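Just so you know, all these numbers are worked out from the coordinates, no wet-lab data involved. Note that the structure is predicted; figures quoted are calculated from it, not measured. Note that we place each Cβ from the backbone using ideal geometry, even for glycine, and neighbour counts take in every protein chain shown.
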Ligand code: SF4
């Protein structure tokens, strides 16, 4: 056991992060993410374990539309089992090793790689043959680092962060540009990663598994493969720009216990300028509505950019207030922007966000009654 990690009320905490302890007595934080906390306390099952219980019948050689039919039918069963098992707080996870709904999801993701549309770029490249898509990834996933992160939100830490290299965005101010924009990392067998997660979970050092990057979306086939090898009742977190295709979000329903999407821009133009992404606002709001419709728990991160209060921050906050379920959605309004990477080429973002700018956004969110993290 790492000396800086302990337990309070049966939950891993970080001693140097008193807010990771205080959040255990924060009624709103507990109620908003009640299912997530129940999995950490082993009172409910992580969703991907439920998927493993649902047997499905298919051949990998079938066309992808046939696989989707089997998937969508089996997901109806998943939703019933999820509801029942939550009501009964059942905790028997006798996984079946034959074909199951999680394996089917992984196989559909593998098929999607043949004409890739894991994200909304929908490059259509065959990633078994080349890496010519925007994310520059072929079929392999590259892991830049895996470690127990002490610096995430109080609800999350200690969080087992798995950083995957490459990204489908090209943010000019990226703080992780050395893994998102430059090829790095190692190919690790999924069994090995599953084994490392299992051991950290068994030692009760982590609250969750936090899939991040770069961007996890181009690596969904790999992440699902890791989970087919994992038998730990540990919540899965999707730490992403949420530029997913509808298809990949369908695959992630029933896999992700807590969504951790960025919501960066309040319009398409700023996103195109700073992240080189088309239709950003349209796609991300569509996807936020979709995961909201799953009934899932969501923690939205908004990084306040300097000089972008009216065009971005306030529009983001207003949209969340108008469209998301405050009982299941929290928002973290982040002040830590600093000009990194190529931000010095853009005067308007070539400085830190001021405390006055952050406070303006925070107060606006408070006035609209958003459920804000500590
Ligand atoms: S993950 Fe996105 S960016 Fe990468 S090849 Fe597929 S569609 Fe293109």
query: Taking the radius of gyration and the Kirkwood hydrodynamic radius from Cα positions alone, what is the Rg/Rh ratio for segment 285-356, to two decimal places?
result: 1.05
- prompt: Of 124, 63, 138, which has the largest mean-square fluctuation in a 10 Å C-alpha GNM of the chain?
  reply: 63
statement: Plugging the Cβ-Cβ distance of residue 342 and residue 307 into 1/(1 + (r/R0)^6) at R0 = 22 Å yields, to the nearest 0.05, a FRET efficiency of 0.85
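So in segment 118-260, what percent of DSSP beta bridges are antiparallel if you round to the nearest 5? Present the calculation step by step, with values, prior to reporting the outcome.
Details: 8 of 20 bridges.
Restricted to segment 118-260, the bridges split so that about 40 percent are antiparallel.
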statement: extent check for the chain: Cα max minus min per principal axis, descending, whole Å, gives 56, 50, 39
message: For 1, 324, which order do you get if you count the other beta carbons within 10 Å of each Cβ and list the fewest first?
response: 1, 324
message: Between segment 251-326 and segment 160-175, how far is it from one alpha carbon centroid to the other, in angstrom?
response: 17 Å
- line: Stretched fully, the stretch from residue 273 through residue 184 gains (0.36 nm per residue minus C-alpha distance, one decimal, in nm) 29.5 nm
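Going by how many other Cβ atoms sit within 10 Å of their own, how do 7, 149 line up, fewest first?
7, 149
How would 117, 183 line up from fewest to most surrounding beta-carbon atoms within 10 angstrom? Mind showing how you got there, number by number?
On the way: 117 18, 183 11.
The most exposed by this proxy come first: 183, 117.
Provide the gained length on full extension for the span residue 111 to residue 147, in nm with one decimal, where the gain is 0.36 nm per separating residue minus the Cα-Cα distance. Display every interim value, and only then the final one.
Numbers: separation 36, 0.36 × 36 = 12.96 nm, distance 3.04 nm.
Length difference between fully extended and current span is 9.9 nm.
Round to the nearest 0.05 the FRET efficiency obtained for residue 136 and residue 69 when R0 = 35 Å and r is the Cβ-Cβ distance.
Values: r = 33 Å, r/R0 = 0.93.
Approximately 0.60, to the nearest 0.05.
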- line: antiparallel share of DSSP beta bridges within segment 5-261, to nearest 5, in %, is 50 percent
message: Of the candidates 185, 254, 213, which one comes out as most mobile in a Gaussian network treatment of the chain with C-alpha springs shorter than 10 Å?
response: 185
